[in-house]
1. Given the options B:296, B:316, name the one that is open to solvent by less than 10 Å² (accessible area, probe 1.4 Å) and modelled with pLDDT under 95.
2. Anything in segment B:242-265 that is buried (at least 19 other Cβ atoms within 10 Å of the Cβ) and assigned to a loop (DSSP other than H, G, I, E, B)? List them, or say none.
3. Within segment B:70-94, can you find the residues that are open to solvent by less than 30 Å² (accessible area, probe 1.4 Å) and under 24 Å from residue B:314 (Cβ atoms)?
4. Which condition number does residue B:282 fail, the rest of (1) part of a helix (DSSP H, G or I); (2) buried (at least 24 other Cβ atoms within 10 Å of the Cβ) being met?
5. With the structure loaded, tell me whether residue B:185 is in contact with a Leu (Cβ under 8 Å, 6 or more places away or on another chain) and polar (S, T, N, Q) or whether it fails that test.
6. Hey, could you check segment B:326-338 for residues that are modelled with pLDDT of 90 or more and in contact with a helix residue (DSSP H, G or I) (Cβ under 9 Å, 6 or more places away or on another chain) and say which is farthest from residue B:68 (Cα to Cα)?
7. Go through (1) touching a residue at least 12 places away in the same chain (Cβ under 8 Å); (2) more than 11 Å from chain B (Cβ to nearest Cβ); (3) polar (S, T, N, Q) and name the single condition residue A:320 misses.
8. Just wondering, is there one or more residues in segment B:126-134 that are out of contact with any helix residue (DSSP H, G or I) (no Cβ under 9 Å at 6 or more places or on another chain) and more than 9 Å from chain A (Cβ to nearest Cβ)?
Amino acid sequence: MTNQTVIKVGTGATGFWGKLKVALARRTEGRGVALFIVIASFVTVSQPLVFTAYQVTLGRIALIGLVALGLTAVILMGELDLSVASTLAVSGVIMTTVANQTNIAIGILAALAASVVISLVNAYFVAIVGLNSFIATLGMLFALRGLALVLSDEQPVKLENTDFGIAFGQPLVGPLTPRILIFFAVFIAIQVFVSRVKAGREFLAVGGNRQAAYDAGIPVKRRIFTGFIISGGVAALAGVVNSLERTAADPTAGSTVLLASFAAAIIGGNYLKGGKGSIVGTLIGAASLGMLQVALTISGVQVPVQEIFIGGVLLLAVLTDPSSLRAVWGSISTTFQGIKNSLAK
Amino acid sequence: MRKSRLVLAPAVLLSAAALVLSGCAAEEATTTETSAATSTDSGDAAAETFDVYALLPQGTDQAYGTTYLPEMEAVAAELGVNLTITNSQYDADKQASECEIAVAAKPDGIILWPAVGDAVRPCLEAAAAAGIPVTVTNSDLFDADKALSAGFSGPDTYGQGVASAEIMCEIVGGAEISIIQLNGSIGNSTAIDRDNGFTDTVAANCPNVTILDEQNTDWTKATAQQVASEMITAQGLENIDGIYAADDSIAAGAIAALEARGVDAADYFITGIGNTFMGNPLVAEGKLDGTVFQSSSWDGGNAVRLIHSVLTGAVSGDRELLLMPSVKVTAANATDADVAPEW
């Protein structure tokens, strides 16, 4: 006779509240939501203009969030893509240069095609050669920065069809500009891919335990290629949008994008080691960061002080992670225990 | 128990943060109210006050900004201008976003210091559509955009390049020499104007000066030293007789690059622009042959005076220009009080 061990799974998951509790426990956005509420409360009290001029705030959220959404695709797999800032710059230069010689549609296609090539190179070094993604994409960051400067002859490239650029920055649906609409479209597309499509759902498995993902038959390398293509493609799209809105491509663009994008992803509860996180979390993180930045800008707070605020929010997001809290609590307990023991002696 | 502690801890932390942040906001609001009351009590009751956004690409994070901002704020307090100052850190996208915020806040006026000259057209159009007058400070707009602003105050950046070239032509005399040129940051209109002013004047006044090569920097000494060092390697030290630097920090970097090769910078023809705390002593020592005085306090103060003149209707019609005089500084006058460096 064989002894059978019955393991009861989700014993508390009965009834509506039980299921809700289990569902919430699985989510990683909890801290992001809490921070969002804190920031929203602060902003409501100090700078209500952030809400009354909501289209401006949405524009800032889209500026930070677009690149962050793409970046989350690789973060979920435990990889990093530092080249997004340079991809943004070089794609803007390519789009504007090609558009000036042909038309804007071809310019956009050329920029997106270039981003695919960049992403394939990044993914090749990470998935095939086995380089650490931090190092591989850091190299790409520098290479693309140089390429943007070379292609632009070290000058901003002015979009000849200035009227189109000016029109592109105007509201298209109600108060929403194309940038905001594109941002939400990208959010929905990546969210659906990561949560509803098998290949997308496997990103979390790849990030959670790569060996187990291999063993389960998940085509890990192919998923890494897909993730980098999403990350690079969205960064290129951000470069195109920025260049159209400004009516010029700046080869040095993106200097403040990289850190802001990572900050948005982290505030949203994404784990840089992969396996945990969500696109919704990144949206919440970008919204928190965008609102805070707009409020601080309206307040006339200088950049160094703004950085203290943003750094504080980032630290709060990381420190309120249960495992960090456990570590901090454990460290404090050990220290106090040590002091107590010494005093007792 | 342990679980509930873990849940409780973030909640307590977040609540504390909320309280602190709300407290800051409340304190800030109280301070603003107090200062507003004080200004009403002490000031002329009839004096009109204006809300103005100053969209700058730098602030106290750069040497120029540290002396530009205090004077700007002092003149604003004197004239009854309530300033909201932003700093885009030379990021055109960030400045564009700040401009959207400024237009949404509907101030009486906007002072704009373009981060990237080519990228400010949409901002100017948005301000014009909202009926908000814009004046430009420090770096002027490109010609096609000038009609969208009410005026410009700041250094005559082309004139500064001219003045630096005139110093170079004077010290070189009729000798056939070759120099390298280190410009400011890419796309910055000040860098472009100074470049044009220098090269135009050299071509016209001293064609015996040959510019072997030119490169951009980010206005910092460290980058300039690296770029100059690479240019010296590429051109050969023996082929270089002088250096034009678009700024004194750049000149200091270039001089450091020369000294790293074991040569005396005083043996080279070197000119800069700015008369900064870094550049002025180099002029006095004879390592930098000449520079052009630029007053950051003049720049900051006049940015507010110009927008105030526009808002009070003191100037109207043609685009107003307030240009800083380009005073040449050489060893002969480097220690004079009227050209004492400010930044």
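1. On the way: B:316 fails: open to solvent by less than 10 Å² (accessible area, probe 1.4 Å).
Just a single option satisfies the conditions, and that option is B:296.
2. The initial filter retains those residues of segment B:242-265 that are buried (at least 19 other Cβ atoms within 10 Å of the Cβ), namely B:242-255, B:257-258, B:265.
B:246, B:247, listed by residue number.
3. Residues satisfying the conditions are B:72, B:75, B:76, B:80, B:81, B:84, B:85.
4. (2)
5. Working: in contact with a Leu (Cβ under 8 Å, 6 or more places away or on another chain): no; polar (S, T, N, Q): yes.
No: the conditions fail for residue B:185.
6. Filtering segment B:326-338 for residues that are modelled with pLDDT of 90 or more and in contact with a helix residue (DSSP H, G or I) (Cβ under 9 Å, 6 or more places away or on another chain), the one farthest from residue B:68 (Cα to Cα) comes out as B:331.
7. (2)
8. So the first thing to find is which residues in segment B:126-134 are out of contact with any helix residue (DSSP H, G or I) (no Cβ under 9 Å at 6 or more places or on another chain), and the list is B:131.
Imposing the further condition that a residue be more than 9 Å from chain A (Cβ to nearest Cβ) reduces the set to B:131.
Yes: one or more hits.
The values are calculated or read from the model by the stated rules, or taken from the named source; none is laboratory data. Quick caveat, the model's predicted, so the values are computed rather than measured. Here Cβ is always computed from backbone atoms with ideal geometry, including for glycine, and neighbour counts include all displayed protein chains. Just so you know, the surface numbers come from the protein's heavy atoms only, side chains and all, with ligands and any DNA or RNA stripped out. Shrake-Rupley method; radii C 1.70, N 1.55, O 1.52, S 1.80 Å.
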